[in-house]
Amino acid sequence: MLPMAGGPRPGNLLAGLDPDQLAAVEAPRGPVCVLAGAGTGKTRTIVSRITHLIHSGHVTPGQVLAVTFTARAAGEMRTRLLAMDVHGAQARTFHAAALRQLRYFWPRVVGDAPWDLVDGKLRLVGQAAHRAGAGTERDTLRDLASEIEWAKASLVAPEDYPAAAARARRDTPAPAEQVAKVYTAYESLKNAARVLDFDDLLLHTAAALEEHSAVAEEFRDRYRCFVVDEYQDVTPLQQRVLDAWLGHRDDLTVVGDANQTIYSFAGASPRPLLDFTRRFPEATVVRLERDYRSTPEVVSLANRVISAARDRPAGSRLRLIGQRPTGPEPVFAEYDDEPAEAAAVAGRIKELVEQGTPLSEIAVLYRVNAQSEVYEQALAELELPYLVRGGERFFARQEVRQAMAALRTACGRPPEGELPAVVRALLAPLGLSDEPPAGGSARERWEALLALVELGEELVATVADADLHRYVAELEQRAQAQHPPTVEGVTLASLHAAKGLEWDAVFLVGVADGTMPIQHADGDDAAIEEERRLLYVGVTRARVHLSLTWALSRTAGGKRYRRRSRFLYGLIPENHPTARVAAVRQQETPRPAMGRGMTPVRYCRVCGDKLVGTMPVKLGRCQHCPSDLDEGLLAALREWRVDRAKGLKVPPYVIFTDATLLAIAEQRPADRAALVSISGIGAAKLDRFGAEVLSLISGVHRSSDV
Ligand code: ATP
Ligand code: MG
């Protein structure tokens, strides 16, 4: 058949593909499976295949249904299809596709009874937990909700939950029998309220097709070609929907990479991908090895990360071959603490931006969403816009909003004591225990609350007489500064949310044991392997620049009890500065060699000792060494900062943080060179504010001179 009028000719369409990709694109109608590693063009291949099938007249655009796992990936697929001039083909998530179909078929399979999507699922889980006599704290409810989701995604009914949970070695939030009771109560409450949750959308869609032949017939007449991206993360429930869509047909193209299976904890499994040829022995199977996304340096690291994986199933042992020109080596760097790590990452991002990398081509990826705060702050300090993906901005998090409310209320009658201790006490009822919870939502919540205490500690170190009022005002300023309406910015995302995406520069942060792999994976080999795959997903997001960093302590000046991720052993080159730093640290030699991207070693200008922690480095002295603060100058600088902040309509700390002002007032830099040597003042700030600050300094006589 002739190509469709108006669209690009197949010749153009196929021009940019390699022979293996072409084999998948041009395979005749029927089952096709592309098993390939990250960045090999799987997504590109399926988009081309859809286009090719349409152009060659096998199907019309309206008969195509392509599914993937995130709304963003589905959007990306639609954009790419439009770029190929394909209009009318559907690219959706499983849920969005099911929602649409159910709305259409519902009156025929159920009748006039209306339904709605559940609003406030946690409330419903709460009622169910109450009925079943389980805990009803918010974190428990979240974990119970995840457990019910896992069961439904795994096609496990309430009565079968205890046995299934034991088989899958689930870490249950309550005794399995009790979870089963909550699950039963949840289902009946939901049915009584005539609402459906997301998993019900899939269940009902499958049932409508399985049980109503007229519905199935109409559906199968309408859709004739199915495509699934990221098939390694399909759940039994999604597979059931896919089977219902297909019926006895086999027009199915699946693509995936078993090494990127990162949702096993939620019930997903790579088995359907790996067993595809068992189910469809006549399938065209294509393996791609050429990596078009990343430089050979990044590809080599990715190969090494994944080759260490244990028990890799047959079919997942692919070795990527980098196709791009050579680029910089991946950077590994260790920091004393998280704020130092974040500051260095933000600094490096600024350099990349100044050298021409667009903000939207840079990502900071972390293991859990609560890690975003310190990066949000570090980027805000350098005035770099950012977008938080797949998670909420720090100040929008529920526990942070609750904490702010509690702190504000406490301002009415501030408790006695040092600010950090007061904050700790106020946040304890919200979940800030002395010891961190092992994992799950409670741990994320704990981390977020601890971040608030740390802001208090920083404030006390920089502002004389900082009290609860001052602290709450500071938090409010920060909350405000984190809500500028940005359209373009650095992406902050969890590794899970980064699947399928790519950036020129990727910063993998917090690559320390306990975070990556996450603590609660310890002791469970399968969970550890999933963490390793998560690191592989992270590494393979980078096109050119890749940085892996970790911090020995969480807080500035804190005890350095952490160590780098176990996944990095054997990956960092022997002669790499980081390897040396680690070795030198063990011998306690005072001056370790430093490499690019490392925190420079600085010494106290009062006692000459090595400075540890962000605050001492900023101030240029140990915290216990006497301050030679010029109070008059500090007051003048503060006044100047307030004026400038008003004029520029930004919060004052965006101009200079309190710590930077304090350092200026202590060190009284006499010229630009001395000013820029203060940590927190880069070239951009020097250009913008340097002259004003220097003239302020020369205009204000030392209080002690008068
Ligand atoms: P992931 O496993 O991470 O989802 P993927 O296999 O789906 O990766 P794609 O996103 O399709 O990979 O492709 C990775 C990058 O390589 C994209 O920028 C894509 O445009 C490019 N690419 C793919 N195939 C080719 C090719 N034959 N020539 C040039 N560039 C290509
Ligand atoms: Mg892809």
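Residue check: is residue 370 closer than 26 Å to residue 556 by Cβ and open to solvent by less than 40 Å² (accessible area, probe 1.4 Å)?
Numbers: closer than 26 Å to residue 556 by Cβ: yes; open to solvent by less than 40 Å² (accessible area, probe 1.4 Å): yes.
Yes; evaluated as a whole, the condition is true for this residue.
Pick from 258, 266, 214: which is at pLDDT below 95, small (Gly, Ala, Ser) and crowded, with 22+ Cβ neighbours inside 10 Å?
Every option except 258 fails the conditions.
Can you pull out the residues in region 497-530 that are at positive phi and either among the β-branched types (Val, Ile, Thr) or open to solvent by less than 30 Å² (accessible area, probe 1.4 Å) (or both)?
Within region 497-530, 510, 514 qualify.
Filter region 337-356 for residues that are touching a strand residue (DSSP E or B) at 6+ places or on another chain (Cβ under 6 Å) and either acidic (Asp, Glu) or modelled with pLDDT under 95 (or both) and give the result.
337, 338, 341
What's the number of the condition residue 400 fails, among (1) buried (at least 20 other Cβ atoms within 10 Å of the Cβ); (2) at pLDDT 90 or above; (3) more than 28 Å from residue 297 (Cα to Cα)?
The single condition residue 400 does not satisfy is (2).
Take the conditions among the aliphatic types (A, V, I, L, M), surrounded by fewer than 24 Cβ atoms within 10 Å (Cβ to Cβ), modelled with pLDDT under 95 and within 16 Å of ligand 2 (Cβ to nearest atom) and apply them to residue 318. Does it pass?
yes
Would you pick out the residues in region 255-309 that are aliphatic (A, V, I, L, M) and closer than 17 Å to residue 539 by Cβ?
The first filter runs over region 255-309 and keeps only residues aliphatic (A, V, I, L, M), leaving 255, 258, 262, 266, 268, 273-274, 283, 285-286, 288, 298-299, 301-302, 305-306, 308-309.
Within region 255-309, 258, 262, 298, 299, 301, 302, 305, 306, 308, 309 qualify.
Taking the criterion of being more than 13 Å from ligand 1 (Cβ to nearest atom) and either within 20 Å of residue 538 (Cβ to Cβ) or not assigned by TED's automatic domain parsing to the domain that holds residue 90 (or both), would at least one residue in region 224-234 satisfy it? Before the answer, list the steps.
Pass one, region 224-234, residues more than 13 Å from ligand 1 (Cβ to nearest atom): 224-226, 234.
Narrowing further to those that are either within 20 Å of residue 538 (Cβ to Cβ) or not assigned by TED's automatic domain parsing to the domain that holds residue 90 (or both): none.
No, region 224-234 has no match at all.
Please work out which residue is least open to solvent (accessible area, probe 1.4 Å), limiting yourself to region 120-145 and to residues that are in contact (Cβ under 8 Å) with a residue 24 or more places away in the chain and among the acidic types (Asp, Glu).
139
Can you pull out every residue in region 84-126 that is under 30 Å from residue 14 (Cβ atoms) and among the acidic types (Asp, Glu)?
85
Quick one: which of 176, 163, 151 is modelled with pLDDT of 95 or more and within 27 Å of the chain's Cα centre (by Cα)?
Just a single option satisfies the conditions, and that option is 151.
Conditions tested, residue by residue: (1) open to solvent by less than 30 Å² (accessible area, probe 1.4 Å); (2) out of contact with any Asp or Glu (no Cβ under 6 Å at 6 or more places or on another chain); (3) under 28 Å from residue 167 (Cα atoms).
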site	(1), (2), (3)
235	yes, yes, yes
285	no, yes, no
300	no, yes, no
305	yes, yes, no
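Hey, among 189, 203, which residue is of a type in the set (A, V, I, L, M, F, W, C) and closer than 25 Å to residue 69 by Cα?
Result: 203 is the single residue among 189, 203 that is of a type in the set (A, V, I, L, M, F, W, C) and closer than 25 Å to residue 69 by Cα.
Within region 344-364, which residues are in a helix (DSSP H, G or I) and of a type in the set (A, V, I, L, M, F, W, C)?
344, 345, 346, 349, 352, 353, 359
Go through region 83-119 and give me each residue that's without any contact (Cβ under 8 Å) to a residue 40 or more places away in the chain, outside the structural domain of residue 224 (by TED's automatic domain parsing) and of a type in the set (Gly, Ala, Ser).
If the condition is that a residue be without any contact (Cβ under 8 Å) to a residue 40 or more places away in the chain, outside the structural domain of residue 224 (by TED's automatic domain parsing) and of a type in the set (Gly, Ala, Ser), then 111 is the only one that fits.
Just name the residue that is nearest to residue 38 (Cα to Cα) out of those in region 535-574 that are more than 16 Å from ligand 2 (Cβ to nearest atom) and in a helix (DSSP H, G or I). Steps first, answer last, please.
Initial filter on region 535-574 (more than 16 Å from ligand 2 (Cβ to nearest atom)): 535, 544-574.
From what is left, the residues that are in a helix (DSSP H, G or I) are 535, 566-568.
Values: 535: 12, 566: 22, 567: 19, 568: 20 Å.
So the residue we want is 535.
Starting from region 214-231, take each residue that is of a type outside the set (Asp, Glu) and list its partners that are within 16 Å of ligand 1 (Cβ to nearest atom) and part of a helix (DSSP H, G or I), counting only C-beta distances under 6 angstrom and pairs at least six apart or across chains.
Once the first residue is of a type outside the set (Asp, Glu) and sits in region 214-231, its partners that are within 16 Å of ligand 1 (Cβ to nearest atom) and part of a helix (DSSP H, G or I) give 227/46; 231/273.
Could you list, in sequence order, all residues of region 39-65 that are open to solvent by less than 10 Å² (accessible area, probe 1.4 Å), within 16 Å of ligand 2 (Cβ to nearest atom), out of contact with any helix residue (DSSP H, G or I) (no Cβ under 6 Å at 6 or more places or on another chain) and closer than 13 Å to residue 91 by Cα?
46, 50
For (1) within 16 Å of ligand 2 (Cβ to nearest atom); (2) among the acidic types (Asp, Glu); (3) in the same structural domain as residue 368 (by TED's automatic domain parsing), each residue gets a yes or a no:
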{"site": "242", "(1), (2), (3)": "no, no, no"}
{"site": "248", "(1), (2), (3)": "no, no, no"}
{"site": "259", "(1), (2), (3)": "yes, no, no"}
{"site": "269", "(1), (2), (3)": "no, no, no"}
{"site": "273", "(1), (2), (3)": "yes, no, no"}
{"site": "297", "(1), (2), (3)": "no, yes, no"}
{"site": "305", "(1), (2), (3)": "no, no, no"}
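Any residue in region 681-700 that is in contact with a Pro (Cβ under 6 Å, 6 or more places away or on another chain) and buried (at least 17 other Cβ atoms within 10 Å of the Cβ)?
The answer is no; no qualifying residue exists.
So residue 458 fits all but one of (1) at pLDDT below 80; (2) open to solvent by 50 Å² or more (accessible area, probe 1.4 Å); (3) part of a loop (DSSP other than H, G, I, E, B); what number is the exception?
With respect to (1) at pLDDT below 80; (2) open to solvent by 50 Å² or more (accessible area, probe 1.4 Å); (3) part of a loop (DSSP other than H, G, I, E, B), residue 458 is out only on (3).
The values are calculated or read from the model by the stated rules, or taken from the named source; none is laboratory data. Since the structure is predicted, the reported quantities are computational estimates derived from the model, not experimental observations. Reconstructed Cβ throughout: ideal geometry from the backbone, glycine too, with neighbour counts over all protein chains shown. Remember, those area values only see protein heavy atoms, side chains included, never the ligands or the DNA or RNA. Shrake-Rupley method; radii C 1.70, N 1.55, O 1.52, S 1.80 Å.
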